[in-house]
Amino acid sequence: MIYKEYGQENEKVMVFLHGGGLSWWGYEEVAEKLSEKYHVILPVLDGHSDSDRTFTSIRDNAVDIINFIEERFDGHIFLLGGLSLGAQIALEILSLKEDICKYAVIESALVIPS
């Protein structure tokens, strides 16, 4: 998985997960503004624009992001946010490691199976 990073490394790390059919560039302007105070990370979800791999599953993406956070930030970040598909992945991350972030912002996630 590819990760776009903005801002200086510090303890206030924010990770934003884009929706399906989108990519990291959907958060680029927000990341640039937040980078003055925070370290912002925009993963390129598998199978999306600029991705290095095909999409396999929500769980696989979640595990990759958890491993990245474990390796780079001792397993904990300030905020995890997700939109649509990114929200589904964020919820999977939280279900696998509930203490991974202090705050989570979830938008347009399916919480009841269809």
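The values are calculated or read from the model by the stated rules, or taken from the named source; none is laboratory data. These numbers come from a predicted model, not from an experiment. Virtual Cβ from ideal backbone geometry, glycine too; neighbours counted across all protein chains shown.
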*Restricted to the range 30-67, and to residues that are free of Cβ contacts under 8 Å to residues at least 60 places away in the same chain and among the acidic types (Asp, Glu), which residue is surrounded by the most Cβ atoms within 10 Å (Cβ to Cβ)?*
ASP46
*Residue identified as in a loop (DSSP other than H, G, I, E, B) and closer than 21 Å to ILE2 by Cβ among ASP64, ASP50, ASP99*: ASP50
*asked:* For the condition out of contact with any Gly (no Cβ under 9 Å at 6 or more places or on another chain) and without any contact (Cβ under 8 Å) to a residue 60 or more places away in the chain, what is the one hit in GLY26, GLY75?
replied: GLY75
*Within the range 8-29, track down each residue that is over 14 Å from the mean Cα position of the chain (by Cα) and either modelled with pLDDT under 95 or buried (at least 19 other Cβ atoms within 10 Å of the Cβ) (or both).*
GLN8, GLU9, ASN10, GLU11, GLY21
*For VAL105, indicate whether it is β-branched (Val, Ile, Thr), crowded, with 17+ Cβ neighbours inside 10 Å and in a strand (DSSP E or B).*
no
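Checking the conditions here, which among LEU80, LEU110, LEU42, LEU91 is part of a strand (DSSP E or B) and out of contact with any Asp or Glu (no Cβ under 9 Å at 6 or more places or on another chain)?
LEU80
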*Name the residues in the range 87-102 that are buried (at least 17 other Cβ atoms within 10 Å of the Cβ) and touching a Phe, Trp or Tyr at 6+ places or on another chain (Cβ under 7 Å), would you?*
CYS101
_Please go through the range 61-81 and give me each residue that is under 13 Å from VAL44 (Cα atoms) and either modelled with pLDDT under 95 or in contact with a strand residue (DSSP E or B) (Cβ under 7 Å, 6 or more places away or on another chain) (or both), ordered by number._
ILE65, PHE68
